[in-house]
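Rule-based calculations on the coordinates, nothing more; no lab input. It should be emphasised that the depicted structure is a prediction, and the values quoted were computed from it without experimental measurement. For neighbour counting, all protein chains shown are included, and Cβ atoms are generated from backbone atoms with ideal geometry for every residue, glycine included.
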Amino acid sequence: MLTIIKAEPSHYDEMIVVWESSVRATHTFLSEDIISSLKKDIVEQYFPMLNTYIAIDNNNVIHGILGTAENKLEMLFVDANSRGHGCGKLLITFAINILHIDELDVNEQNPQAIGFYLYVGFEQIGRSEVDGQGNSFPLLHLRLNKNKYKH
């Protein structure tokens with residue numbers, strides 16, 4: 001059984017392992033150089049800046065992470081070995097119901113994530129040609145349609 005708790009700096013080392021596992025499973029369009037660069041930024045900038053939570057099991061192993069800022073989901077990553085077992089659904093439900101997120105951006109080249117968010121009840125409201133770092137990885141901007149939300 002997984003529990004969601006607030007992430008602490010002491011969790012960052014394990015969180016970045018989960019992040020990298022997830023990215024390697026779903027972000028096949030990223031080069032090694034970009035992954036290495038992002039990895040450093042995630043630990044030094046994004047984890048401390050965001051409202052971060054982790055999904056842990058009874059042995060305190062982290063299976064997923066999420067980060068929010070105001071009403072926006074900024075990151076949701078599930079360890080590659082934990083995918084398909086409800087961790088992502090648990091995290092997104094927590095983010096919507098408890099943290100009141102209703103917007104997110106997703107890489108257009110990540111069809112698995114797009115499908116997941118559309119299934120939950122998000123709808124595309126826009127598109128950008130570049131990601132948040134200015135790289136040529138288009139982003140889809142999504143907003144939750146509360147009438148389609150699947151709790």
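What the table below lists for this structure:
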| quantity | calculated |
| --- | --- |
| Label point distance in nm, residue 147-residue 129, each placed 7 Å from Cα along Cα→Cβ | 3.4 |
| Local electrostatic count at residue 118 - Lys and Arg +1, Asp and Glu -1, tallied over other residues with Cβ under 15 Å | +1 |
| Low-density loop cleavage sites - GluC sites (Glu not before Pro) in segment 72-151, where at most 15 other Cβ are within 10 Å (DSSP) | 129 |
| Amide H contacts under 5 Å for residue 122, placed H, 5+ residues apart | 145 |
| Debye-sum result for the chain in log10 I(q)/I(0), which assumes one identical scatterer on each alpha carbon, at q = 0.09, 0.17, 0.22 Å⁻¹ | -0.25, -0.99, -1.74 |
| Distance between segment 71-118 and segment 19-66 - C-alpha centres, whole angstrom | 13 |
| Separation of the residue 5 and residue 70 label points, Cα + 7 Å toward Cβ, nm | 3.1 |
| Ellipticity estimate at 222 nm from DSSP helix runs (n ≥ 4, -39,500 (n - 2.57)) divided over the chain, nearest 500 | -9500 deg cm²/dmol |
| Under DSSP loop assignment and at most 15 Cβ neighbours within 10 Å, longest chymotrypsin sites (Phe, Trp or Tyr not before Pro)-free interval of the chain | 30-148 |
| Entries of 39/89; 40/72; 39/148 with Cα pairs more than 30 Å apart | 39/148 |
| Distant-in-sequence amide H partners of residue 137 (H built 1.01 Å from N, under 5 Å) | 131 |
